[in-house]
Amino acid sequence: MNGLMMNSPLSISSILQHAEKFHADSRIISRCPEGGIFRYTYGEAAKRSRQLANVLAKLGTRKQDRVASLAWNTHRHYELYYAVSGMGAIIHTVNPRLFPEQITYILNHAEDRIVFVDLQFIPLLEGIKSELTHIEKIVVMAPENALPDSPLELLSYETLLAQEDDQYEWPELNEEDAAALCYTSGTTGNPKGVLYSHRSTVLHAYASLSPDALNISNRSAVLPVVPMFHVNAWGIPYSTTMCGANLVLPGPGMDGASLYELIEEEQVDLLLGVPTVWLGLLQYCEQQSLTLTPVKNVVIGGSAAPLSMIKAFDQLHDAFVIHAWGMTEMSPIGTINAFSKHMVNVSREERYALQAKQGRAVFGVEMKIVDADNNPLPHNGEDYGRLLVKGPWIATGYYKSDDTSSWEDGWFDTGDVATIDASGTMRIVDRAKDVIKSGGEWISSIDLENAAMSHPAAAECAVIGVPHPKWDERPVLLMVLKPDQTLTKEDVLSFLSDKVAKWWLPDEVLFVSELPHTPTGKLLKRNLRDQYQGLFNTV
């Protein structure tokens, strides 16, 4: 017997329609690539999105066509999100930080016919256009007078928009229809496409709003520094619209000074981004003796937040760090470590230790850890194993691919090694490929990095396992120092001596000017392992 309930499809266009009806005066603030800051409301954004849907229709966009974007977090990119998916096509966000050959592969693999591009990325397209097999139209997300001279035939976003009215009837779609396409970073092999549905996107947005998740409401002002070309900015363009929060989009200005300006002017209380971005903001505030007065919460994901960063936001800016974890294949939210009852009656240091974990699964996500033989491991906070997940916004496969190696009996293997304690709190021990095996024992590169990052002179650290003739692998610490700071290997080892087990102490400490990162801001340890693999054969 079925329940006697209406069955309305969950669609992305319904999110925008709801905002237009009930949050029409909530604001979107956007730093523009051509310069200046643009401010308008959700009501105005909804009208421009309908105009854009008419533009897309005239450009020949059909249902389930892929429409590519190479763009920053701006109001125009936001409009593209809703116009493309709302009309039944698929918004395909392309990461402009990838190598040109990867971008070529992605655009050809997705068979995009139209690409929307910000001004800064026109040279990128000029360099690869001859290799693109399907692109027919290039729309620059700028007014006509900002378009540069180019060998490409360029259309102006604003000119096209001005030619259309704002009358457009969003079609009723099957909630299982594809709505958005995002490719993984492709650190090994070609990037892989993850295809999100209307249903998965709406459910993910619902889940992220709750008080035990990101706690967003129409009283919030949210600044997603995590890019809209990377897992849909963690779903923020959908969740903020759903509840009518003010949405502050940084455009290309992601340096400390530009971010601070937006935070203060727009009274932003929620920030979201990867540790490398917040490192720059914290350093800027320290140099200028500034405080992030309006900020209440800082969501950190992409890679583990150093304990020193958690402390800096709390002690210098009275802001609570919410550790989050997820993946492109997970839309991306899996766990969130929001302020909980477990953090109330404990010391500050104990709370910091809890915050350093990745948190508990949001409703909708199931997790388990298994050993090498796929046997479930206990949730005691000590045993660790491969982390597997499943849920309604987790991928079941890759776009146009037969690769099923990451799926086992309906569970997705995240590639992470983790522990889960009795309260359900998960802690990433390491990526399976980054954990260091030394003398038959395991060393967590993440834990060792976090210990090193607590040194006041450290700006950034990376720990890698390097082949060793006796111990299989030994840890090597690479450290970037803050300006005008000096340290020796002995200084670092002495500092770490009471923070980690003696056999965890790195065999080498190397001081470098910078560390390599993936296009999404994560440490690129594969490059470091390749660079230093012969280190212990020569020392």
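A few comments on the model shown:
- Residue 504 vs. criteria more than 29 Å from residue 273 (Cβ to Cβ) and at pLDDT below 90: no
- For first residues located in segment 44-65 and outside the structural domain of residue 113 (by TED's automatic domain parsing) and closer than 16 Å to residue 180 by Cα, partners that are buried (at least 17 other Cβ atoms within 10 Å of the Cβ) and of a type in the set (A, V, I, L, M, F, W, C) and lie 6+ apart or on another chain with Cβ distances below 6 Å do not occur.
- For the residues 49, 26, 69, the requirement of being within 30 Å of residue 263 (Cβ to Cβ), buried (at least 23 other Cβ atoms within 10 Å of the Cβ) and touching a strand residue (DSSP E or B) at 6+ places or on another chain (Cβ under 8 Å) singles out 69.
- Which numbered condition residue 334 misses (of (1) outside any loop (DSSP other than H, G, I, E, B); (2) surrounded by fewer than 23 Cβ atoms within 10 Å (Cβ to Cβ)): (2)
- Flag for residue 430 being within 24 Å of the chain's Cα centre (by Cα), assigned to a strand (DSSP E or B), buried (at least 20 other Cβ atoms within 10 Å of the Cβ) and free of Cβ contacts under 8 Å to residues at least 24 places away in the same chain: yes
- Some residue of segment 76-83 being among the hydrophobic types (A, V, I, L, M, F, W, C) and part of a helix (DSSP H, G or I): yes
- Elements of type strands (runs of 3 or more DSSP E) contained in segment 437-539, each with 3 or more residues being surrounded by 15 or more Cβ atoms within 10 Å (Cβ to Cβ): 458-468, 472-481, 508-511
- Test: residue in segment 283-294 that is of a type in the set (Ser, Thr, Tyr), touching a Lys or Arg at 6+ places or on another chain (Cβ under 9 Å) and within 26 Å of residue 456 (Cα to Cα): no
- Filter result (within 27 Å of the chain's Cα centre (by Cα) and either of a type in the set (Phe, Trp, Tyr) or outside the structural domain of residue 48 (by TED's automatic domain parsing) (or both)) within segment 170-184: 183
- Pick from segment 86-129, criterion of a type in the set (Phe, Trp, Tyr) and assigned to a helix (DSSP H, G or I), ranking: nearest to residue 182 (Cα to Cα): 105
- Candidates 415, 364: the one that is part of a loop (DSSP other than H, G, I, E, B), within 22 Å of the chain's Cα centre (by Cα) and surrounded by fewer than 20 Cβ atoms within 10 Å (Cβ to Cβ) is 364.
- The condition (being among the charged types (D, E, K, R) and within 14 Å of residue 249 (Cβ to Cβ)) is satisfied by just one residue among 31, 62, 66: 31.
- The set of residues in segment 155-185 that are assigned to a strand (DSSP E or B) and either at pLDDT below 95 or among the hydroxyl-bearing types (Ser, Thr, Tyr) (or both) comprises 156, 183.
- Taking the criterion of being hydroxyl-bearing (Ser, Thr, Tyr) and under 16 Å from residue 272 (Cβ atoms), the residues of segment 329-357 that qualify are 331, 335.
- Search result, residues across segment 367-405 that are among the charged types (D, E, K, R) and surrounded by 12 or more Cβ atoms within 10 Å (Cβ to Cβ): 368, 371, 383, 386, 390
- Exclusive hit being outside any strand (DSSP E or B) and either over 21 Å from residue 178 (Cα atoms) or of a type in the set (Lys, Arg) (or both), set 395, 353: 353
- Residue, farthest from residue 196 (Cα to Cα), within segment 352-411, restricted to residues that are of a type in the set (Val, Ile, Thr) and touching a residue at least 24 places away in the same chain (Cβ under 8 Å): 369
- Residue within segment 152-159 that is out of contact with any Pro (no Cβ under 6 Å at 6 or more places or on another chain), β-branched (Val, Ile, Thr) and without any contact (Cβ under 8 Å) to a residue 24 or more places away in the chain present: yes
The values are calculated or read from the model by the stated rules, or taken from the named source; none is laboratory data. If you're wondering where the values come from, they're calculated on a predicted model, not measured in any experiment. Here Cβ is always computed from backbone atoms with ideal geometry, including for glycine, and neighbour counts include all displayed protein chains.
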